[in-house]
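Below: the structure, in structure tokens.
The values are calculated or read from the model by the stated rules, or taken from the named source; none is laboratory data. Keep in mind the model is a prediction, meaning the values are calculated, not measured. Cβ placement follows ideal geometry from the backbone for every residue including glycine, while neighbour counts extend to all protein chains displayed. Remember, those area values only see protein heavy atoms, side chains included, never the ligands or the DNA or RNA. Shrake-Rupley method; radii C 1.70, N 1.55, O 1.52, S 1.80 Å.
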Amino acid sequence: MSSAEGTSSSAAESSEKKKPIVIITIGMAGAGKSTFVQRINSYLHSKGPESSPYVINLDPAVANTPFDANIDIRDTIDYHKVMKEYNLGPNGGILTALNLFTTKFDQVLDIVEKRADTVEYVILDTPGQIEIFTWSASGAIITDAVASSLPTVVAYIIDTPRTTAPATFMSNMLYACSILYKTKLPFILVFNKTDVQPHDFAIEWMQDFEAFQAALASHKGTTDDEGEPTYMNSLMNSMSLVLDEFYKHLTAVGVSSVTGDGIKEFFDAVDASRTEYEREYLPELQRARESREKSLKAAKEDSLNRFMKDLSLDREKNPAAAAADRWDPTAEEAEDEDDDVDVNIIDRSEDAWPGQYIDVTRMRPRNDEGMSWPRPG
Ligand SMILES: Nc1nc2c(ncn2[C@@H]2O[C@H](COP(=O)(O)OP(=O)(O)OP(=O)(O)O)[C@@H](O)[C@H]2O)c(=O)[nH]1
């Protein structure tokens, strides 16, 4: 972002209250996501009550969170009960619990939007099994719903001490790359646990692919018995060139969720990503909306045309029935409601979600009695 852009946008924003920015935290199990959320939460609290964030926990299986969530999926859905009722294993249980919660996510958004004037940051903690959020329909629905209402940034938490091997680093970057291209949201790589392992090596590898290739060559197991580079080595060498382009779209910060080091730099990156969201994500969202409206309109017209064609074929085949089928304005019992061709085409994007109102913030813990979840069978 150029400084000129930053100045003009901040001048425009200062006249009206900024919308809160949503931080979606994701990361491999054990990367330190919950500890990180707890750390940024306490950092914001320490700045004063007006800076307190709004925290949403989306992990139904977490036993204890080291932070108090304002909205907690566990208050609405009993994950153990879901596993039992649907006869699922742990991952299926988490996924189903998240799916069920997603059906009520509009209510969560309503609540968050009502707090928009008093809150600066909204923090979303996601399930420990990263793929349950990043590769599920409900994860995509939640991300899209949030990002279309409020500025949003993805914080991808990386276990730095476990990423020092070039192959692990590359796998982590490829995963980050896939999430970036899926969400298209501003993206921050958070190298966590820098108290154990500084993240300088990662920054160097991201800025200089030759340094990465040198590290790769010096790592054991990169050549076969004849001293030739292994298939994996050649693949990673080529990938490092491809990822060079991807790194340009990322911001990387090093933090220690234990000592609090680097948390201020993380928030500087979050604040900078607001501009990126407005400049890149919003216009893209607008384009996607327009194209969806266009395709819905086309589908509607196509359906209407096919209906009219079927109707004329029927009439050709059976002229007697067609004659009897004419509308008689004088007939008292003229029923016309079934002729409304629009009824089968519903633009659900404009609808409110169906279902009863449930204030998810007021539910008793671990109790979903009275909820009309779909049941199997
Ligand atoms: N030294 C050090 N340890 C950390 C740091 N952040 C987290 N940890 C430790 O890493 C382990 C995993 O942290 P969690 O916060 O539970 O990780 P998580 O990603 O939420 O794990 P899941 O609950 O499986 O999703 C814990 O033992 C933490 O104490 C850090 O910055 N430095």
Checking L88 against (1) open to solvent by 70 Å² or more (accessible area, probe 1.4 Å); (2) in contact with a helix residue (DSSP H, G or I) (Cβ under 7 Å, 6 or more places away or on another chain); (3) free of Cβ contacts under 8 Å to residues at least 12 places away in the same chain, which test does it fail?
-> (1)
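For the stretch 56-171, which helices (runs of 4 or more DSSP H) that fit wholly inside it have 3 or more residues that are within 16 Å of the ligand (Cβ to nearest atom)?
Filter on the stretch 56-171 gives 90-102, 130-134.
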What pairs can you find where one residue is in the stretch 151-176 and open to solvent by less than 10 Å² (accessible area, probe 1.4 Å), the other is within 16 Å of the ligand (Cβ to nearest atom) and hydroxyl-bearing (S, T, Y), and their Cβ atoms are less than 7 Å apart, with a gap of 6+ or different chains?
-> A155/T25; I157/T25; T160/T194; F169/T163; A176/Y156
Limited to the stretch 218-260, what total is found for residues that are at pLDDT 85 or above, assigned to a loop (DSSP other than H, G, I, E, B) and closer than 17 Å to Y156 by Cβ?
-> 4
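Determine whether the stretch 194-202 contains at least one residue that is more than 23 Å from I263 (Cβ to Cβ) and in contact (Cβ under 8 Å) with a residue 24 or more places away in the chain.
No - not one qualifying residue is present in the stretch 194-202.
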Among (1) more than 14 Å from the ligand (Cβ to nearest atom); (2) open to solvent by 40 Å² or more (accessible area, probe 1.4 Å); (3) at pLDDT below 90; (4) out of contact with any Phe, Trp or Tyr (no Cβ under 9 Å at 6 or more places or on another chain) - the single one A29 does not satisfy | (1)
